[in-house]
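Trainee: I am attaching a structure below and will ask some questions about it afterwards.
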């Protein structure tokens with residue numbers, strides 16, 4: 001966000017404090033402190049809160065705050081705002097700078113024209129800045145407020161779109177434009193759904209429905225109303241109703257010729273089909289929606305949503321090769337389309353692909369950046385970012401950090417079933433891991449339903465290693481019978497690893513070795529170095545049991561080198577321990 005007080009402009013995104021056209025130098029933590037106080041200017045901020053927010057990983061004293069505040073006052077003195085921060089004895093600090101000066105004299109037709117010009121050339125940040133200058137102008141129209149909101153949405157700042165959208169609803173009602181009011185209300189519905197404010201979203205959804213009740217004919221807004229009904233049903237876990245509503249949205253879109261809603265309806269039908277095991281039908285819907293975006297008939301916002309959904313679907317199915325291809329396509333498309341407002345999701349999917357490929361350092365960096373963006377633009381997916389971080393730590397062998405990330409995901413409303421079960425198994429909690437996976441299979445949410453094949457494979461593996469051979473055999477039989485669940489390469493690899501664990505539980509080493517080599521070949525073929533390294537380590541352990549020391553050494557050496565290149569030091573240590581045990585044997 002950009003805050004203006006007196007003659008100053010505080011640009012949080014660019015991390016700049018400007019006095020007129022001049023950028024003032026500020027130390028990083030001094031800048032962070034100023035931003036935090038400005039953001040919370042309505043109240044006195046306690047010292048303890050500031051210490052926790054600005055110095056979270058450093059042990060400091062009150063003197064650090066006092067010094068930083070002193071530096072801020074020195075900087076602001078140049079612009080006549082030296083008293084902008086007040087000290088409240090034994091309480092804290094409050095920002096009391098003059099926010100009114102920045103907008104004085106800015107309410108002109110020329111300023112509004114500049115805002116529109118910025119929108120026309122796709123300079124959304126400049127447009128947002130321009131609209132903020134004229135936000136109190138009395139002659140702003142409903143269309144002005146909608147363009148202002150779109151500028152905020154297109155740069156991934158949905159919270160900044162709420163105020164202009166609310167103003168747009170009121171302006172449209174004043175103009176007796178109920179369709180326009182419904183359109184703005186539907187945008188508010190979607191923004192609040194993205195922010196997990198379900199009750200508020202449902203309120204705006206109902207207002208949009210009321211506005212559309214007297215419409216003489218079906219419009220784009222009717223299709224969006226139905227699609228958002230499907231979104232609400234999905235948030236509430238009603239998959240069958242989601243499918244019905246998404247289908248109705250698609251039908252409305254076909255009748256009114258709306259490519260956006262048609263693609264969105266197809267995507268949501270695909271999600272439900274995946275979650276309920278109708279894989280072929282799901283892929284038909286997803287592919288059709290993807291084709292529409294590639295044909296260029298879908299708007300940038302809807303296209304971005306479709307791309308995101310397709311990448312997510314392939315990742316969930318374990319189809320790493322196609323997920324990587326679509327992620328590359330998504331990235332190239334995002335660079336060409338500045339009107340896509342969810343860059344955090346793009347980073348999230350790229351990070352997950354990098355993780356599967358074994359680029360763990362780059363993956364962690366991408367996911368951390370994605371989480372920051374998602375916290376602002378798509379809070380419902382922030383928990384998914386924590387899930388992926390947990391899986392990165394788990395693949396590295398860092399169990400404590402994996403546990404912390406999975407707990408964060410859970411706190412944010414995202415249940416990381418697969419990762420949590422694998423972590424439990426790594427910690428020797430085999431019964432708990434089995435229970436976690438069984439519950440995920442018995443009562444899956446829609447996201448977990450998409451991963452059914454992988455959940456079955458892991459349940460088979462863990463049950464076999466826990467000595468629950470009957471359960472392992474039954475689960476393996478289910479997976480073997482459901483060919484559509486194993487079409488994706490990643491799921492097929494896990495299926496072979498599940499077969500190997502059952503064979504080992506039955507004391508059949510040679511079939512286990514064959515199955516592990518099949519899994520290894522698949523991981524290498526799809527370029528998943530990290531899964532290949534883990535498979536090599538397990539293969540080496542089985543080879544030792546089978547008495548083939550020479551082959552075991554080869555696999556251990558390859559695994560150790562691969563883990564070292566991926567900077568997975570805990571796994572390197574595990575390879576070294578396994579090598580010492582083999583030599584002692």
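Laboratory data are not the source of any read-out in this text; all were calculated from the coordinates shown. Quick caveat, the model's predicted, so the values are computed rather than measured. All Cβ positions, glycine included, derive from the backbone under ideal geometry; neighbour counts span all protein chains shown.
Trainee: Could you list 285, 205, 410 so that the one with the fewest beta carbons within 10 Å of its beta carbon is first and the one with the most is last?
Mentor: Details: 285 25, 205 21, 410 16.
Final ranking by Cβ density, sparse to dense: 410, 205, 285.
Trainee: Note the listed values (i) 34.3; (ii) 29.7; (iii) 51.3, then indicate which one is mean projected area of the Cα convex hull in nm² calculated from this particular structure.
Mentor: (ii)
Trainee: Expressed in nm to one decimal, what extension gain is obtained for the pair residue 78 and residue 254 from 0.36 nm per residue of sequence separation less their Cα-Cα distance? Before the final figure, lay out the partial values.
Mentor: On the way: separation 176, 0.36 × 176 = 63.36 nm, distance 6.09 nm.
Additional length available on full extension: 57.3 nm.
Trainee: Related question: At a Förster radius of 22 Å, what calculated FRET efficiency corresponds to the Cβ-Cβ distance of residue 12 and residue 126, to the nearest 0.05?
Mentor: Numbers: r = 16 Å, r/R0 = 0.72.
Using R0 = 22 Å, I get an efficiency of 0.90.
Trainee: On a 0 to 90° scale, report how tilted helix 343-357 is relative to the longest principal axis of the chain, with both axes built from alpha carbons and the result rounded to the nearest 10.
Mentor: Once rounded, one gets 20 degrees.
Trainee: What is the order of 554, 140, fewest Cβ neighbours within 10 Å to most?
Mentor: Values: 554 15, 140 20.
The most exposed by this proxy come first: 554, 140.
Trainee: Efficiency by 1/(1 + (r/R0)^6): what FRET value for residue 583 and residue 328, r their Cβ-Cβ distance, R0 = 41 Å, to the nearest 0.05?
Mentor: Computed FRET efficiency for residue 583 and residue 328: 0.40.
Trainee: Between residue 86 and residue 295, what length in nm is gained on full extension when 0.36 nm per residue of separation is reduced by their alpha carbon distance?
Mentor: This chain segment gains 69.5 nm when fully extended.
Trainee: Take the alpha carbon atoms of region 275-319, find their center, do the same for region 171-199, and report the distance between the two centers in whole angstrom.
Mentor: Going from one Cα centre to the other spans 26 Å.
Trainee: Can you work out the FRET efficiency for the pair residue 238 and residue 199, with r the C-beta to C-beta distance and R0 = 22 Å, to the nearest 0.05?
Mentor: The computed FRET efficiency comes out at 0.85.
Trainee: Using the alpha-carbon centroid of each, what span in Å lies between region 376-394 and region 16-73?
Mentor: That distance is 28 Å.
Trainee: So what is the 222 nm mean residue ellipticity for the chain from helices alone, if each DSSP H run of at least 4 adds -39500 (n - 2.57) and you divide by all residues, rounding to the nearest 500 deg cm²/dmol?
Mentor: Using -39500 (n - 2.57) per qualifying helix, the result is -23500 deg cm²/dmol.
Trainee: I need to check one value: relative contact order of the chain, counting alpha carbon pairs closer than 8 Å and at least 6 residues apart, in percent.
Mentor: 8
Trainee: Residue separation times 0.36 nm, minus the C-alpha to C-alpha distance between residue 70 and residue 24: what's the value?
Mentor: My answer for the length gained is 15.0 nm.
Trainee: Fewest first, what order do 455, 537 take by the number of other Cβ atoms within 10 Å? Before the final figure, lay out the partial values.
Mentor: Values: 455 26, 537 20.
In order of increasing Cβ crowding within 10 Å: 537, 455.
Trainee: Using the per-residue mean of other Cβ atoms lying within 10 Å as a proxy for protection, in what order, highest first, do the peptides 466-479, 384-397 fall? Intermediate results must be reported in sequence, preceding the final value.
Mentor: Working: 466-479: 16.9, 384-397: 25.1.
Listed from highest to lowest mean packing, they are 384-397, 466-479.
Trainee: If each of residue 474 and residue 431 carries a label point 7 Å out from its Cα toward its Cβ, how far apart are those two points in nm?
Mentor: Those two pseudo-labels are separated by 1.7 nm.
Trainee: When the label point is put 7 Å from the Cα of residue 510 along its Cα-to-beta-carbon vector, which residues of region 488-502 have a backbone N closer than 19 Å?
Mentor: It comes to 499-502, nothing else.
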